[in-house]
Structures are given as structure tokens and as C-alpha cells.
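Undergrad: Next up is a structure, given as C-alpha cells.
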Amino acid sequence: GRYEDLGALGAGGMGSVRRVRDVVLNRPMAMKTLHPELLENAEVVARFVAEAQATAQLQHPGIVPVHELGRLDDGRPYFTMQEVRGRTLGAVIASVHAASGDTWAAAPDGWSFRRLIDAFHRVCEAVAYAHDRGVIHRDIKPENVMVGEHGEVLVVDWGLAKVVGAEAGGEGLVVTGRWQDDSFATRMGQVAGTPAYMPPEQARGDIGALDRQIGRAH
């Protein structure tokens with residue numbers, strides 16, 4: 001009853017995202033929910049909850065903040081987060097390429113090659129922060145970076161994130177319920193992510209070799 005549905009924003013393989021209004025704080029937000037047909041899949045539910053928990057613990061200007069985790073009346077888990085109004089970094093890159101010829105030129109909206117490099121640098125800062133907290137995104141690509149209308153650069157969609165290092169303890173490391181329940185751990189040989197952006201060890205399904213170095217050369 002706290003949220004008013006304002007329409008769909010997008011959907012993926014595991015869930016959908018809708019625009020909602022928090023009627024208590026009177027602000028628009030994004031709500032991600034699990035697809036109803038996946039509700040009986042305990043591993044998928046655990047991964048969904050872990051995405052919310054991990055993202056909520058990654059408090060950085062380059063990572064979308066998560067505000068609440070709960071369940072709808074039909075039992076589906078949901079989490080709410082900041083609504084990002086803008087485009088994907090992939091769309092921005094395409095607009096700069098379309099405006100350029102033999103030399104780099106600015107797109108009609110002012111985006112240039114230099115601004116793209118600055119956005120990429122900010123993505124690297126967010127990813128480095130996540131690595132320091134013991135989290136590997138595992139699906140970094142232009143479509144998973146949102147560029148807001150006011151210059152925000154945000155890494156989104158942490159559904160494939162792998163939590164590493166938590167077993168060593170230490171203040172500030174991310175811990176999720178999925179990590180604590182070994183029955184839901186990703187198994188050796190399983191491949192998840194986008195092939196064009198995977199490091200070799202991820203493409204091989206060598207889960208144990210995944211660490212905080214991205215795209216290591218072999």
C-alpha cells in the first residue's frame with residue numbers, strides 16, 4: 001500500500017522494473033520484482049534477494065542506492081531503488097560514433113569522446129569501490145551503465161554479482177544471505193554473463209579463478 005504503480009520501465013530474464021511513487025515520502029522510485037513464474041525456484045529467489053542486499057551495502061555515488069527489500073501480497077520479493085532518468089552508456093557511445101567521421105565530433109546533445117572517457121573513469125571508480133568491498137559485478141558492459149539527465153553515471157544490474165572475500169572477515173566487506181547459504185553458490189562450470197565482455201576464466205566457467213582483476217590476459 002505504500003507504493004503507487006506508475007507503469008513499466010523495463011524487464012529482464014529474472015524480473016521486471018516498474019516506476020512507482022512512494023506515497024509516504026512523495027517521490028518517484030524504481031521497483032524491481034521477480035517474475036511470478038520464478039517464485040517457486042528457491043535459487044532464483046535467493047539470487048534476487050542477494051542482488052538487493054549486495055547493492056544496498058555498496059554505498060557509492062556511482063552505484064544505484066537500494067532503499068527497501070520486501071514482499072508483495074502475492075509473495076514475490078521486491079526491492080526499491082533510485083529511479084535513474086537517462087540513457088545507457090551504450091546509447092551515448094552510439095550517438096558519439098554517429099556524429100563522428102574521420103575525427104571525433106560531439107553528438108547533438110554535447111556528448112564527446114572526452115566526456116565518454118570521463119564516464120568510463122567514473123565506472124572504474126565505482127567498480128574499484130565494489131572490489132574493495134569484496135563484490136565482483138561479472139556483467140560490466142555499456143548497457144549496464146546508466147547516464148542520467150544531470151550527469152550521473154551509475155553502474156546498475158548487480159544480479160550476477162559474486163561476493164568474494166567475506167569468508168576472511170574484515171570490516172566493510174559485503175555479506176549476503178546467499179553467500180552464507182552454500183547450497184545456492186555458483187558451481188564450477190556454470191557460465192553466466194555476456195560473452196563479449198567476459199574475462200577468459202568466467203567464459204570457461206572457472207568460478208574459483210574469478211577475482212578482482214577484470215579481463216586478465218592469459
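Undergrad: Within the stretch 135-160, can you find the residues that are of a type in the set (V, I, T), more than 14 Å from A56 (Cα to Cα) and outside any loop (DSSP other than H, G, I, E, B)?
TA: I136, V145, V147, V153
Undergrad: Restricting attention to the stretch 61-100, which residues are open to solvent by 40 Å² or more (accessible area, probe 1.4 Å) and part of a loop (DSSP other than H, G, I, E, B)?
TA: Answer for the stretch 61-100, where residues must be open to solvent by 40 Å² or more (accessible area, probe 1.4 Å) and part of a loop (DSSP other than H, G, I, E, B): P61, P65, L72, D73, D74, R76, Q82, R85.
Undergrad: Separate question: For the stretch 28-52, which residues satisfy the criterion of being of a type outside the set (A, V, I, L, M, F, W, C) and either at pLDDT 95 or above or open to solvent by less than 30 Å² (accessible area, probe 1.4 Å) (or both)?
TA: Selection gives P28, K32, T33, E51.
Undergrad: Based on this model, can you work out whether A106 counts as part of a helix (DSSP H, G or I), of a type outside the set (V, I, T) and more than 28 Å from L38 (Cβ to Cβ)?
TA: When the stated conditions are applied, A106 does not pass them.
Undergrad: Out of the residues in the stretch 14-24 meeting the condition of being over 14 Å from the mean Cα position of the chain (by Cα) and without any contact (Cβ under 8 Å) to a residue 24 or more places away in the chain, tell me which one is surrounded by the fewest Cβ atoms within 10 Å (Cβ to Cβ).
TA: V24
Undergrad: Right, another one. Here are some residues: R178, R204. Which one is closer than 15 Å to E51 by Cβ and at pLDDT below 70?
TA: The conditions single out R178.
Undergrad: Does the stretch 150-161 contain any residue that is farther than 30 Å from A106 by Cβ, among the aliphatic types (A, V, I, L, M) and in contact with a strand residue (DSSP E or B) (Cβ under 6 Å, 6 or more places away or on another chain)?
TA: Scanning the stretch 150-161, I find at least one residue that is farther than 30 Å from A106 by Cβ, among the aliphatic types (A, V, I, L, M) and in contact with a strand residue (DSSP E or B) (Cβ under 6 Å, 6 or more places away or on another chain), so the answer is yes.
Undergrad: If I filter the stretch 102-119 for residues that are more than 27 Å from G7 (Cα to Cα), in contact with a strand residue (DSSP E or B) (Cβ under 7 Å, 6 or more places away or on another chain) and either open to solvent by less than 70 Å² (accessible area, probe 1.4 Å) or of a type outside the set (S, T, N, Q) (or both), do I get at least one hit?
TA: Taking every residue of the stretch 102-119 in turn, at least one turns out to be more than 27 Å from G7 (Cα to Cα), in contact with a strand residue (DSSP E or B) (Cβ under 7 Å, 6 or more places away or on another chain) and either open to solvent by less than 70 Å² (accessible area, probe 1.4 Å) or of a type outside the set (S, T, N, Q) (or both).
Undergrad: Check off (1) open to solvent by less than 30 Å² (accessible area, probe 1.4 Å); (2) part of a loop (DSSP other than H, G, I, E, B); (3) at pLDDT 90 or above for A126 and give me the number that stays unchecked.
TA: For A126, the failing item is (2).
Undergrad: While we're here: Of (1) surrounded by 15 or more Cβ atoms within 10 Å (Cβ to Cβ); (2) without any contact (Cβ under 8 Å) to a residue 60 or more places away in the chain, V135 satisfies all except one. Which?
TA: (2)
The values are calculated or read from the model by the stated rules, or taken from the named source; none is laboratory data. Predicted model, so just to flag it, every value in this text is computed and none were measured. So basically every Cβ, Gly included, is an ideal-geometry build from the backbone, and we count neighbours across all protein chains shown. SASA here: full protein model, heavy atoms, side chains in, ligands and nucleic acids out. Shrake-Rupley method; radii C 1.70, N 1.55, O 1.52, S 1.80 Å.
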